[in-house]
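Peer 1: Mind looking over this structure? Questions follow.
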Amino acid sequence: MNLEGNKIAKLDEGVFSNDSVVQEIYLQSNNLSDVPSVIFRLRNVSNIDLSHNLLTFEDLLDVVESLSEESFIANFSFEDSGSKLLNLSNNNFTTLDIQGLSEVKQWRITRFLEIYEIDLAGNLLICDCGILGIKQKIETLLKSNHAWKSLFKTWKCAWPEELRDQNILEINENYVIAQKRPKFCPVECSCFERCLDQTILIDCEGRNLTEVPRILSRSTMIELKRQ
């Protein structure tokens, strides 16, 4: 079914019957701001294109949470018949943070990754501390078959600059940081926290400083960048 290039903002639950024989759904270049859960209940669908819409990772999590166990069982995993295709390129994904989710919800998203090959090209992914949880889940999946790594080739960082265009599975975790502004952060500089060890990084590069800024902290590990 090709619905590309319209102004569709929502897909009603009853638009497809449970025994629909539709195998491919093209909804790219519409105005979708919610991931339509109904299309993930259709067992025969193997190719879903939702690119160039207004979708976020939170929208995808809502769909995964809404699916019943029967929906997961009805679908197949890599071991059975290969992955289904889900194109989410050029949407509004910025985070892939699953660290605050319960174990059950994390199991669901992991199962979802077993079923769907997800294209995230063109999304401005922030690779801060929140990226590490899903990175570890994927790495666990890859222990079964390292060849699956190619299925995540479009999962690339847009920020921070040191990680731009790097695949999330290949990033050096020493460079994974989160924006942070502790009280002792000099007003002339930018401050970040390195996720791996909670070290505070103070970046004063290119600020035309004439002296080293005063840092009032005794209990926090600090690195000062002042090139």
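The values are calculated or read from the model by the stated rules, or taken from the named source; none is laboratory data. Predicted model, so just to flag it, every value in this text is computed and none were measured. Using ideal geometry, Cβ is built from the backbone for each residue, glycine included, and neighbour counts are taken over all protein chains shown.
Peer 1: Where residues in the range 1-48 are of a type in the set (Lys, Arg) and over 21 Å from Ser89 (Cβ atoms), which of them is surrounded by the most Cβ atoms within 10 Å (Cβ to Cβ)?
Peer 2: So the residue we want is Arg41.
Peer 1: Out of curiosity, is Thr110 among the β-branched types (Val, Ile, Thr) and at pLDDT 90 or above?
Peer 2: Numbers: among the β-branched types (Val, Ile, Thr): yes; at pLDDT 90 or above: no.
No; evaluated as a whole, the condition is false for this residue.
Peer 1: Report, by residue number, each residue of the range 5-27 that is over 24 Å from the mean Cα position of the chain (by Cα), charged (D, E, K, R) and modelled with pLDDT of 85 or more.
Peer 2: If the condition is that a residue be over 24 Å from the mean Cα position of the chain (by Cα), charged (D, E, K, R) and modelled with pLDDT of 85 or more, then Lys7, Asp12 are the ones that fit.
Peer 1: Could you check, for the range 151-162, whether at least one of its residues is at pLDDT below 95 and among the hydroxyl-bearing types (Ser, Thr, Tyr)?
Peer 2: no
Peer 1: To continue, here is another question. If you take the residues in the range 86-112 that are hydroxyl-bearing (Ser, Thr, Tyr) and farther than 17 Å from Trp159 by Cβ, which one is surrounded by the most Cβ atoms within 10 Å (Cβ to Cβ)?
Peer 2: It comes out as Ser89.
Peer 1: Assuming Ala147 fulfils every condition listed in (1) under 30 Å from Arg41 (Cβ atoms); (2) of a type in the set (A, V, I, L, M, F, W, C); (3) touching a helix residue (DSSP H, G or I) at 6+ places or on another chain (Cβ under 7 Å); (4) surrounded by fewer than 16 Cβ atoms within 10 Å (Cβ to Cβ) apart from one, which condition is it?
Peer 2: (3)
Peer 1: Anything in the range 165-191 that is among the aromatic types (Phe, Trp, Tyr) and either modelled with pLDDT of 85 or more or in contact with an Asp or Glu (Cβ under 6 Å, 6 or more places away or on another chain) (or both)? List them, or say none.
Peer 2: Passing the criteria: only Tyr175.
Peer 1: Among all residue pairs at least 6 apart or on different chains, which show Cβ distances below 6 Å where the first residue, located in the range 1-21, is closer than 11 Å to Leu42 by Cα and in the same structural domain as Arg43 (by TED's automatic domain parsing) and the second is in a loop (DSSP other than H, G, I, E, B) and of a type in the set (S, T, N, Q)?
Peer 2: Final answer for the pair search is Val21/Asn44.
Peer 1: I'm checking my understanding of the structure. Among residues of the range 49-66 that are in a loop (DSSP other than H, G, I, E, B) and among the polar types (S, T, N, Q), which one is surrounded by the fewest Cβ atoms within 10 Å (Cβ to Cβ)?
Peer 2: Taking the candidates together, the pick is Thr56.
Peer 1: OK, next. Among the strands (runs of 3 or more DSSP E) confined wholly to the range 98-212, which include 3 or more residues that are under 17 Å from the mean Cα position of the chain (by Cα)?
Peer 2: Answer list for the range 98-212: 116-119, 157-159.
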